[in-house]
Amino acid sequence: MLPVLTNVNNKHTMREIAFRQALREALQEEMRRDDKVFLIGEEVAEYNGAYKVSQGLLDEFGEKRVIDTPISELGFAAIGVGAAQNGLRPVVEFMTWNFANLALDQILNTASKMLAMSGGQVGCPIVFRGPSGSAGQLGAQHSTAYESYYANIPGLKLVSVSNPYDAKGLLKSAIRDDDPVVFMESEVMYGDTGEVPEEEYLIPIGKADIKRAGKDVTIVSYNKMMKVALGAAEELAKDGVEAEVIDLRTIRPLDWQTIMESVKKTNRLVIVEEQWPMCSVSSEIAYRIQKEAFDYLDAPVRRITSADAPMHYAPNLVKAYLPSIERTVKIVKDVMYAEK
């Protein structure tokens, strides 16, 4: 049984590695452990991956387990789903989740539903992974955050990570999971570095993590918006406000209990996410907390989302579109009635 770690501690040998390396190590370790695991997608083999996550995997595992595909998301997603239903454990890499729209039929109509439709006889242990959300000036068609889309689908699990430590531990758990897992990263985080144990470890799917303890307000986020949440907490600390920052890590199943326990302590909740506001992850969290923890709230639940519009190319419009530290600080001060 591997150790299940939820926080870094001194009992493990830590080293600083890049986000892409953490993902690569997760793939390597699971492919070495289980010969049923294979990687398939565009440029994952000869080119070492569009973001160099799969660098060196072709040399180690060969072309039968690291498979380059044509530019056909529906086609190679279907290959992965069929392989999973026949006993293998595919990892399907999308160059971006914006392109996975073309494979939605396989994810929604087959992978997520087959266990139920077969009366539990046919499972689909598959991981669909790649970057979600914006990555700078890439225009509207390459800048959508997809967490709320896929979290809406029963039968899927959805992980959205913000740092190398969580990325490695959760990708390993996703590959071992018997259900289809949607795993979302970010193009702008692949070069980020963070502490990761040298020893093998797993992080359980479905458990949020408190990244910063506090007593005055709860800030919830995930994926790269965690940088905004933590940055806002730093700014608020200068004014004596102690924000508790929670990284969801898993969107489905949603660990709303951790949020609720924090709100019972802080009595205020602010959610920061890259989704559009309509039918977003924050919508679900706000509903759950007002239902289960209404009597503990001293202010309305507030949220900061992306603008309710496509993200345009111009840098000033990109800045206006995305959540920011400044907006988050202002909303927190609003819920604390610190500013009129």
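The values are calculated or read from the model by the stated rules, or taken from the named source; none is laboratory data. Computed from a predicted structure; not experimentally measured. Heads up, the Cβs are rebuilt from the backbone with ideal geometry, glycines too, and the neighbour counts pull from every protein chain shown. Just so you know, the surface numbers come from the protein's heavy atoms only, side chains and all, with ligands and any DNA or RNA stripped out. Shrake-Rupley method; radii C 1.70, N 1.55, O 1.52, S 1.80 Å.
Observations
- Meets criteria (at pLDDT below 95 and either open to solvent by less than 30 Å² (accessible area, probe 1.4 Å) or farther than 28 Å from Ser162 by Cα (or both)) for Ser118: no
- Residue in the range 244-253 that is part of a loop (DSSP other than H, G, I, E, B), among the basic types (Lys, Arg) and open to solvent by 70 Å² or more (accessible area, probe 1.4 Å) present: no
- Of everything in the range 126-135 that is buried (at least 22 other Cβ atoms within 10 Å of the Cβ) and outside any strand (DSSP E or B), the residue that is nearest to the chain's Cα centre (by Cα) is Ser132.
- Residue list for the range 96-115, filter: closer than 30 Å to Pro315 by Cβ, hydrophobic (A, V, I, L, M, F, W, C) and either open to solvent by less than 50 Å² (accessible area, probe 1.4 Å) or touching a Ser or Thr at 6+ places or on another chain (Cβ under 6 Å) (or both): Trp97, Ala100
- From the list Glu147, Glu185, the lone residue that is within 23 Å of Gln55 (Cβ to Cβ), of a type in the set (D, E, K, R) and under 12 Å from the mean Cα position of the chain (by Cα) is Glu185.
- Residue that is modelled with the lowest pLDDT [pool: residues in the range 6-22 that are under 18 Å from Asp209 (Cβ atoms) and among the hydrophobic types (A, V, I, L, M, F, W, C)]: Val8
- Qualifying residue in the range 274-296 (condition: outside any helix (DSSP H, G or I), open to solvent by 20 Å² or more (accessible area, probe 1.4 Å) and more than 24 Å from Ser162 (Cβ to Cβ)): no
- Each residue in the range 26-51 was checked for being more than 17 Å from Phe76 (Cα to Cα) and open to solvent by less than 60 Å² (accessible area, probe 1.4 Å), and 9 pass.
- Filtering the range 156-212 to residues that are outside any strand (DSSP E or B) and among the hydroxyl-bearing types (Ser, Thr, Tyr) leaves Ser162, Tyr165, Ser173, Ser186, Tyr190, Tyr201.
- Pairs are defined by a Cβ separation below 7 Å, a sequence spacing of at least 6 or placement on different chains, a first member in the range 163-179 that is free of Cβ contacts under 8 Å to residues at least 40 places away in the same chain, and a second member that is open to solvent by less than 10 Å² (accessible area, probe 1.4 Å); the pairs so defined are Ser173/Ile203.
- Being in contact with a strand residue (DSSP E or B) (Cβ under 8 Å, 6 or more places away or on another chain), at pLDDT 95 or above and over 23 Å from Ser148 (Cβ atoms) is a property that holds for Ala237.
- Ile219 falls short of the stated requirement of being in a helix (DSSP H, G or I), farther than 17 Å from Gly169 by Cα and either without any contact (Cβ under 8 Å) to a residue 12 or more places away in the chain or in contact with a strand residue (DSSP E or B) (Cβ under 8 Å, 6 or more places away or on another chain) (or both).
- Enumeration of residues in the range 136-148 that are open to solvent by less than 20 Å² (accessible area, probe 1.4 Å) and either assigned to a loop (DSSP other than H, G, I, E, B) or free of Cβ contacts under 8 Å to residues at least 60 places away in the same chain (or both): Gly139, Ser143, Thr144, Ala145, Tyr146
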